[in-house]
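The values are calculated or read from the model by the stated rules, or taken from the named source; none is laboratory data. Since the model is a prediction, treat every value here as computed from it, not as a measurement. Here the Cβ positions follow ideal geometry from the backbone for every residue, glycine too, while neighbour counts run over all protein chains shown.
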Amino acid sequence: MQHPTVRHFNHDMLESLRRWTGMELLTEPLPVGATVDAMVAADVEIGLSSAWYGPEGALISNDEVADFVAQSEGRLRGVAGVDLTRPVAAVRELRRAVTELGFVALRIVPWLWQLPPTDRLYYPLYAACVDLGVPFCTQVGHTGPLRPSETGRPIPYIDQVALDFPELTLVCGHIGYPWTTEMIAVADKHPNVYIDTSAYTARRYPRELVDYFRGRGRRKVLFGSNYPMITPGRALEHLAELELDEETTELFLSGNARRIFRL
């Protein structure tokens, strides 16, 4: 999820998502209390609030995320972003975010940079994530914004990164559609690769994904919302229709995230 800044939420790249969700432009900063209220309404205890860095700079900076976390009454945890094109500075910023700001992960959205996860610019950051003991979060599947989707293919990109960095924990958001079966295969193959359901409501999960986390993949799939584009309440609205047992529900909504992000 993101607690958005005005410059993030109103950016042209998100126009298609705003149109799809029916959300209007922000005229003033969104209070952190509004995000907390949306979480409370859905009985969400903790949200992972991500920074947002792209070629144009920080649309949500790490320091802004740290401020949001401080205002959240313990509800938010920070997820770092970095400038991918400046690898030395990026590693230093990641280390600062984890060791000084208390962030729990790094997130990079490949389509923003139009560079797949196997590009050499990522590799110092993968090594730093392993060294710091934090997961690397990314996006798989097609892009909602009108940008090329190729960087979101699970095979060959996520598969190759997991081969090169077997100690790296990879959390792959947006389920990988239309390559969901590929994403499941990669998660099955690699012990440290996981899938999160952000950007999809429970009613829209592909059948193969539901079958996966109702069975052998129950420790591999994590709930996500992609707030503010989708609120937690809307994302969870039809969860009961999936007929998950008690153990699977707990792992999906809480247990897997607590274990993977050390919450």
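Of all residues in segment 109-128, those being among the charged types (D, E, K, R) and part of a loop (DSSP other than H, G, I, E, B) number 1.
Leu106 passes every criterion in (1) part of a helix (DSSP H, G or I); (2) under 21 Å from His174 (Cα atoms) apart from (1).
Considering Thr201, Thr180, the condition of being within 24 Å of Trp111 (Cβ to Cβ), modelled with pLDDT of 95 or more, crowded, with 20+ Cβ neighbours inside 10 Å and not small (Gly, Ala, Ser) is satisfied by Thr180 alone. A Cβ distance below 9 Å, combined with a sequence gap of six or more or placement on separate chains, defines the contacts here; from segment 193-219, residues that are in contact (Cβ under 8 Å) with a residue 60 or more places away in the chain reach residues that are of a type in the set (Gly, Ala, Ser) and assigned to a loop (DSSP other than H, G, I, E, B) in the pairs Ser198/Gly224; Ser198/Ser225. Of Ile260, Ile230, all but one fail to be modelled with pLDDT under 95 and either of a type in the set (Phe, Trp, Tyr) or closer than 26 Å to Gln2 by Cβ (or both); the exception is Ile230.
Would you please name the residue that is farthest from the chain's Cα centre (by Cα), looking only at residues in segment 41-62 that are under 16 Å from Gly224 (Cα atoms) and surrounded by 14 or more Cβ atoms within 10 Å (Cβ to Cβ)? That would be Ala42. Return yes or no: is Tyr177 under 22 Å from Arg258 (Cα atoms), aromatic (Phe, Trp, Tyr) and either touching a residue at least 12 places away in the same chain (Cβ under 8 Å) or touching a Phe, Trp or Tyr at 6+ places or on another chain (Cβ under 6 Å) (or both)? No; evaluated as a whole, the condition is false for this residue. Under the condition of being closer than 20 Å to Phe103 by Cα, buried (at least 17 other Cβ atoms within 10 Å of the Cβ) and small (Gly, Ala, Ser), the residues counted in segment 230-262 number 1.
Total residues in segment 208-246 satisfying the condition of being over 17 Å from the mean Cα position of the chain (by Cα), hydrophobic (A, V, I, L, M, F, W, C) and within 17 Å of Met23 (Cβ to Cβ): the figure is 0. Of the listed requirements (1) within 18 Å of the chain's Cα centre (by Cα); (2) of a type in the set (S, T, N, Q); (3) closer than 21 Å to Phe136 by Cβ, Gln160 misses just one: (1).
From the list Val79, Val88, Val65, the one residue that fits, being buried (at least 22 other Cβ atoms within 10 Å of the Cβ) and touching a helix residue (DSSP H, G or I) at 6+ places or on another chain (Cβ under 8 Å), is Val79.
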